[in-house]
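Worksheet for the structure shown next.
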Amino acid sequence: GAVVSQHPSRVICKSGTSVKIECRSLDFQATTMFWYRQFPKQSLMLMATSNEGSKATYEQGVEKDKFLINHASLTLSTLTVTSAHPEDSSFYICSASYSSNTEAFFGQGTRLTVV
Amino acid sequence: SQQGEEDPQALSIQEGENATMNCSYKTSINNLQWYRQNSGRGLVHLILIRSNEREKHSGRLRVTLDTSKKSSSLLITASRAADTASYFCATPNQIGFQKLVFGTGTRLLVSP
């Protein structure tokens, strides 16, 4: 099956700094990728839809200035958590799929800890 | 919230037993997907069942879909300790869209 690679898998940063997370589709072109956030023992909550060549679409309640998304190529989307605070600590996961009627492929996830 | 619900929230069984998880969703769908997540890892796709299908099998997995009740079930037969994980159902938020809405998940623990 298709592979989606996410990097880094873990990151610890200081409050006030910014962190960039990369999501790559390794063997297919993804015009659309998705970013999710997951709190411990909870389900995945969609944060935003990353659209190649255009602005990301954010879900209600997600601060677009806090979570910057860039989808500059058909195989790479990046999520930058700006001016991170401890409450931003979470597990972030990206996904991509071929179409609306096929399965999604997920990255390995990034565990962000802000201290 | 569009989020679906799963039950049970947690399930503990012995190796060799069967595990059944149920999922309910809220909108019309063209497919429903089941995923597995090991602790602290990404999600692994298990099965996709389309709205015109009622049952689907993959190895020890059996998925059913009842669109009239907006529900689905995942059955894992002859469970193994390695099946210990969280299981999520997911549906596109709108027909024709890739955006997935996930259920609340079932945490399965299979003891040797």
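Each value in this text was obtained by applying a stated rule to the coordinates, not by laboratory testing. Predicted, not measured: the structure shown is a model, and the values here were computed from it. Neighbour counts run over all protein chains shown; Cβ positions are idealised from the backbone, glycine included.
Please provide three numbers in whole Å: the alpha-carbon extents of chain A along the principal axes, with the largest listed first.
Principal-axis extents of chain A (Cα, largest first): 38, 28, 23 Å.
What percent antiparallel are the DSSP beta bridges of the protein assembly as shown, to the nearest 5? Before the final figure, lay out each step's value.
Values: 73 of 82 bridges.
Beta bridges within the protein assembly as shown, antiparallel portion: roughly 90 percent.
How many percent of DSSP beta bridges within the range B:10-112 run antiparallel, rounded to 5? List each step's numbers first, then the result.
On the way: 34 of 39 bridges.
Beta bridges within the range B:10-112, antiparallel portion: roughly 85 percent.
So for A:Val115, B:Val110, fewest C-beta neighbours within 10 Å to most, what's the order?
Working: A:Val115 9, B:Val110 20.
Arranged by neighbour count, lowest to highest, A:Val115, B:Val110 become A:Val115, B:Val110.
Label-point separation (nm) for A:Ser9 and B:Glu17, each offset 7 Å from Cα along Cα-to-Cβ?
Distance between label points: 3.2 nm.
Could you give the longest part of chain A that holds none of the chymotrypsin sites (Phe, Trp or Tyr not before Pro) found in DSSP loops with at most 15 neighbouring Cβ atoms within 10 Å?
Result for the longest clean stretch: A:29-97.
Using the Kirkwood formula over every pair of different C-alpha atoms, what hydrodynamic radius in Å results for the range B:29-112? Mind dumping the intermediate values first?
Numbers: mean 1/r = 0.0747 Å⁻¹.
For the range B:29-112, the Kirkwood estimate is 13.4 Å.
Note down the Stokes-Einstein diffusion coefficient of the protein assembly as shown in µm²/s, whole number, using a Kirkwood radius over alpha carbon pairs, 37 °C, and 0.692 mPa s.
This corresponds to a translational diffusion coefficient of 182 µm²/s.
Can you tell which of A:Val81, A:Val62, A:Val19 shows the greatest fluctuation in a Gaussian network model of chain A with Cα springs below 10 Å?
A:Val62
Student exercise: in the protein assembly as shown, how many lysine pairs 8 or more apart or on different chains have Cα atoms under 15 Å apart? Walk me through the numbers before you get to the answer.
Values: A:Lys20/A:Lys64; A:Lys20/A:Lys66; A:Lys55/A:Lys64; A:Lys55/A:Lys66; B:Lys26/B:Lys69; B:Lys26/B:Lys70; B:Lys26/B:Lys99.
Number of lysine pairs found: 7.
Pairing rule first: another cysteine's C-beta must sit under 4.7 Å. Under that rule, which cysteines of chain A stay single?
A:Cys13
For labels at B:Thr67 and A:Glu63 in the simple 7 Å Cα→Cβ model, what's the distance in nm?
Between B:Thr67 and A:Glu63, the simple spin-label model gives 4.3 nm.
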